[in-house]
1. Pop out the carbon and sulfur fraction of the accessible area of segment A:67-197 as a percent, whole number, probe 1.4 Å.
2. Whole-Hz Karplus ³J(HN,Hα) for segment B:191-197, in order, using 6.51 cos²θ - 1.76 cosθ + 1.60 and θ = phi - 60°, x for Gly and Pro?
3. Between A and B, buried accessible area summed over both sides at probe 1.4 Å, in Å² to the nearest 100?
4. Give, rounded to the nearest 20 debye, the magnitude of the charge dipole that chain A has about its Cα centre when Lys and Arg contribute +1 at Cβ and Asp and Glu contribute -1 at Cβ.
5. Could you state the number of Å between the C-alpha centres of segment A:1-57 and segment B:243-269?
6. Under 8 Å for C-alpha pairs, at least 6 residues apart: give me the relative contact order for segment A:180-271, rounded to a whole percent.
7. When Rg is the radius of gyration of the Cα atoms in segment A:65-174 and Rh is its Kirkwood radius, what does Rg/Rh come to?
8. Please compute the alpha carbon radius of gyration of chain B, then divide it by the globular-protein estimate 2.2 N^0.38 Å. Two decimals is fine.
Number of protein chains: 2
Amino acid sequence: MPFITHDAVRTIAVIGAGTIGASWSAWFLARGLTVRVSDPAPAAPDMVRAYVREAWPALRQLRITEEAVDQALARLSFHASAGEAAQGADFVQENAPERVAVKQAVLKEIDAVVPADRVIASSTSGFGVTEMQAEMRHPERLVVGHPFNPPHLIPLVEVVGGGRSSEEAVQWAIGFYNHVGKRAIHVRKEVPGHIANRLQAALWREALHLVQEGVGSVDDIDAAIAYGPGLRWAIMGPHLTFHLAGGRGGIAHFFDHLGPNVEKWWADLGTPHITPELRDMIARGVEEEIAGRSYESLVEHRDKALLGVLAATRQPLPAEE
Amino acid sequence: MPFITHDAVRTIAVIGAGTIGASWSAWFLARGLTVRVSDPAPAAPDMVRAYVREAWPALRQLRITEEAVDQALARLSFHASAGEAAQGADFVQENAPERVAVKQAVLKEIDAVVPADRVIASSTSGFGVTEMQAEMRHPERLVVGHPFNPPHLIPLVEVVGGGRSSEEAVQWAIGFYNHVGKRAIHVRKEVPGHIANRLQAALWREALHLVQEGVGSVDDIDAAIAYGPGLRWAIMGPHLTFHLAGGRGGIAHFFDHLGPNVEKWWADLGTPHITPELRDMIARGVEEEIAGRSYESLVEHRDKALLGVLAATRQPLPAEE
C-alpha cells in the first residue's frame, strides 16, 4: 500500500509535549498544518501555547510564516491520550519520555488507530527503531525522525529505519521533512547517537581531554571553536570545508598534503573518563567563562545570534551548473 | 627588559607571503598599521596587493576599516630578505614554508635585526616553538601565533610558548592580537595540532568513520553538521552549548543526565586509517555533494555566508552582571 502523498498531509499528531514536542508543534503550525497534541501533564496545554507564542516572532522573522499567532493557535488542539490525538493524523511525531517501555506502549496505542498508509516518526535520541517497533501491528511505517533542539529553529532531522521498517517509509519521511522545510538526512544503519550526536561527542571528547591535560581553559577551548572552525561549520560540513581548503586539487589534494599531519594528530587525541573530578573541573571552567552572566542573558544572546546565523546560511548552495 | 607597549606598535613585518601572509597583511593594513613584507617569489608583491584589494570590501563591510584600499596600500612595502623586512618592525608575523630548517634560518635572520623588546610570532601549524627557537639569540620572545584561514576573516589566533619562551612574551602576544581585534587563546602546552586543529581532526575522524561504515553519505554527514550543531558552534563552543542545554542545572546537570549516553557513544566511535581507498571514497562523495557546482561558485558562497555569520556572531557575550 503506498503512503499518503506529502501534499495530502494536513494534520500532525504530536505525542508528548515537553520542549521538543512544543517546538515541533510550533514548526508544524508555522507550516500551516493542524496539530493534535497529547501529553499526560495537566500543564501541557498552557506550556505548549506559551512556547508557540514565544517561538512565533522568530518564525516570522525567518519568513517561515506570515500568519498571526492567534490564527495558527486555532489549529492546535489537546487530547486526553496518544490514541485520541492520533485519530485522523496524517503523520505522527512521537516525543514521549526516553524510556523504551513508555515508547513501546505509546507507539502501540498510536499504531492501533492510525491507518497503515501513514508514517510514524519517533524523536528518540537514545533508542533504535528495531527495539521500539517490536510490538507494533504495522512496524514497517515506524522510523526515527530525530530533530536537533530546538526543532523549530535547527533544520536538521536524522531519519533512521529499523530492522522491520520499509525503505518506502524511510524515504517518505525524508521527503516529508524536506517538504515542510527541514533538512532531513538518511542514517543508513542503527548506531548509538545516530550521526550528529556522535560527531558532537567526538569533538567534545577531545575538548574535555585538552582541559583535563591543562592544554587550554574551558573558555579558550570554547573560543577555539566559536571564533575558528565553528564559523565555517555553520556554512558547510567538514568534508566540503576541507575540499575547498584543498584548493583546485580539492579534498584529494587535501588528503595527500595534510593526511599525514591529521593522522599524527589522531594518534595524540585523548579518551577521558567522565569522573566527578572532571565534571567539577569543567563546571568550574564554565563558571569562569560565563563570569557572572545570567542563564537568561546567555540564552537570549544565543537565540538572537542563531537567527542571524540562520539568515546568513539558509541560502541553499549555488544552483547546479 | 619589558616589551614595547601594544599601543606603540606601528610597523609589522610579514615574513613569507603566500595566502596566509597576504591575508595577515590585509588584516594589519585594515587596522591602520604599516606592513613590511618579504617573500622570495618574484610574483609576491603583485599577489599580495591583489589579495589585499580583493579582501578589502569584506573588511569594510565588517567595519574593520573605513579607509580606501589605495590609501592603505601606501603603507605596504616589499623587501628583498626577511632581515630587511624585519628592520624597524615592532612585531613580526612569520609565515615561511612549513619546513623546520627554513623556519629556523628565517627566524635566526629576523632575530639578528629586531631589538629584543619585540615579539616574533610564527604562523606554524605543524611545529613546536621549542624546535624553532633552537638557534635564536633571543629565543624568549618567540611564540606561535597560529591563525585560521583566512586570517583577515577568522578571528582565532592560537598562541603557544616553547621551552625557552618567556611567559611575558606569550602574554604580550595574546594581548597584542586581542588589541588588534583578533581572538587570541592560550595553548598552555606544546601539543601536535595546537587546539583547534585537534578538535577539527577529532570530529573529522568520526565523520570519515561513518562514511566508511556506510552509516551516511558524505553529503548527509556534512549536512548533519551544517544544519545542526554547526549552527550553534558559530555562536559558542561545546562547553557553553552544553551548559545551556543543561537548563538551570547547567553543565553539571548535563553531565549527570547525559554523561552515560555520551560515554556509550564514545565507546562506539571509530578510528579509520587514511588509505587510498578511503580517500577515493570521500572524494567521490564530495563530487556527489557538489553536483557539478564550480569551485569558484562554492568559494563565493562560503565567503558571502561567512560575512553574514561573522556579522551575526561578532557581538560579544552580554556584559557581565
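The values are calculated or read from the model by the stated rules, or taken from the named source; none is laboratory data. In this text, all values refer to a predicted model and were calculated from it rather than measured experimentally. Backbone-built Cβ (ideal geometry, glycine too); neighbour counts: all protein chains shown. These area figures cover heavy atoms from the full protein model, side chains too; ligands, DNA and RNA do not enter into them. Shrake-Rupley method; radii C 1.70, N 1.55, O 1.52, S 1.80 Å.
1. 52
2. Per-residue couplings from phi come out as 10, x, x, 6, 10, 5, 5 Hz.
3. 11600
4. About 660 debye.
5. With segment B:243-269 and segment A:1-57 each reduced to a Cα centre, they are spaced 27 Å.
6. It rounds to 23 percent for segment A:180-271.
7. Using Cα coordinates only, the ratio equals 0.98.
8. Scaled against compact globular proteins, the figure is 1.09.
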